[in-house]
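Reading through the structure tokens given below for one structure.
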Amino acid sequence: MAAFKPRLLTGSGTTGAIAGAGGAHTPSVWRSRLWATRRVRLLFTVCFLVAICFLFSASYTAPLIGVGLEESGMVVLLGNGSDQGVYSCRRKEHIFFMKTHKCASSSLQNVFFRYGDKHNLTIALPLTNANYFGHPAFFNRSMLQMETTHTRQPIVYSIFASHTRFHHGEVRKVMPTDTIYITILRDPVGLFGSMYSYYDLHTAYKLSLQDLVQHHPDPLDPIHRNRRYNKFGLNQMAFDLGLPVNAFRNTVAVDQFIQRLEETFDLVLIAERMSESLVLLRYLLCWDVDDVVLFKKNARSTLFKKSEEQLTPRDVNTLRTLNAADQRIYDYFNAKLTEKVKRFGAQRMADEKALLDTRSKYWFEECVEDVKKVDNEETAKRMHIYSKKVMYFEEKDGADPECQRMLREELAYIALLREKQSYINYNLTKVTGNTLIKRHL
């Protein structure tokens, strides 16, 4: 008996081996029905994914900013106010902060120290001094220990935020390749006046600030050649950032230096525009808004600001001339910040500044009992403060533990971090007031 072989009949109106209760089904009909089924499935899948995304996004509400996905490092930043968009990014945790003198840099340093402390990141700390890497010497990698003391494992530093004199080539040797470079600048007139008082430059020059400006207005005057402790003097920001002293009066060299800074630093903050700067910093680093809340540290009391208040407009112009390199650098990056703020969006910036202000007020009320003047040596030692000319924050009893991080002064924080990072052999590790105690960890 011959084997049965089914046949597919394709003729019009023909019945054959493939037939159903509804009549004959041609291949074209089957293909169209199969395609329709696939489209239904695809449409269902798309709708399902859209619903999941909607539920995910709806689970967060503004103005809660910085919803961290801890394992991946991804963070969702939700817009608030007029900007209700979602901005997702990955937290940046490799940061070099060039700490410039008298530019509100101690306040900003606290932001980086406490973030590193909170997330258990390794923070670069000087081996042989309380809070300086070199300076006036340029930074070099020999100022850091690059291996653990006992296991000889390489040390990967995540955050560098202490005073140094910037040398990009050497910094690159100790920081990861994806490091974000940040610094802060201040109007040169305010900076020089603050530094003149804070570091007692009047005792070095034996002149008040007014007398210095009025009787020695020429930057080539011999009185301006010597820097206090070889560290402090005219064009302090340029000096800290690495410009040679003999180039201060060379506008071509200064402009070339500015271009190198522009190529190196991802963000240059401006002290007089701190709120805008912090908003841009937060979005650059993909951090929560509370991470960039800061309290003004090392701020002088009103008593020690009188010398700047007595400057005439002519004195101010003279100071700008004396600090011509600093002025040129400041003007350039102040203009760059204006461009960044414009690109960020006016309303968006206003909303973010309002949020930052709200959180700053919250933490101030949560943490601060009083703001007091350092009035004696005992208080300075107890608070680990270098100068008796500044104000300090008295912490509330029973305050949130985060308050300790926010209010901790620089020298005290460095001492704590040295203890925490005990796998690094610091030659000079303990700070008690202004006294350095040599010790081996």
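We did not get these values from a lab; they are worked out from the coordinates using the rules stated. Bear in mind that the values here come from a model prediction, so they are computed numbers and not experimental data. So basically every Cβ, Gly included, is an ideal-geometry build from the backbone, and we count neighbours across all protein chains shown.
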Any idea what % of Cα-Cα pairs in segment 91-431 are farther than 38 Å? 14
Give the cross-link partners of Lys92 among the aspartates and glutamates, using a straight C-alpha distance below 17 Å as the criterion and excluding same-chain residues fewer than 8 apart. Glu70, Glu71, Asp117, Asp178, Asp266, Asp288, Asp290, Asp291
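Could you list, in their original order, any pairs among Lys361/Lys396; Lys102/Lys336; Lys118/Lys396; Lys173/Lys342; Lys231/Lys353; Lys118/Lys296 whose Cα atoms are separated by more than 25 Å?
Numbers: Lys361/Lys396 15 Å; Lys102/Lys336 21 Å; Lys118/Lys396 21 Å; Lys173/Lys342 35 Å; Lys231/Lys353 35 Å; Lys118/Lys296 20 Å.
Correct reply: Lys173/Lys342; Lys231/Lys353.
State whether segment 162-240 is rounded, prolate or oblate according to the following rule on the C-alpha gyration tensor (a ≥ b ≥ c being the square roots of its eigenvalues): a/c under 1.5 gives rounded; otherwise a/b larger than b/c gives prolate, and the remaining case gives oblate. Mind showing how you got there, number by number?
Details: a/c = 2.83, a/b = 2.46, b/c = 1.15.
Note, shape of segment 162-240 comes out prolate.
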Counted neighbours (other Cβ, 10 Å), sorted fewest up, put Asp187, Asp178 in the order Asp178, Asp187
Listed with the fewest Cβ neighbours within 10 Å leading, Ile414, Ile223 appear as Ile223, Ile414
Summed side-chain charge close to Glu369 - residues other than Glu369 whose Cβ falls under 9 Å, Lys, Arg +1, Asp, Glu -1: -3
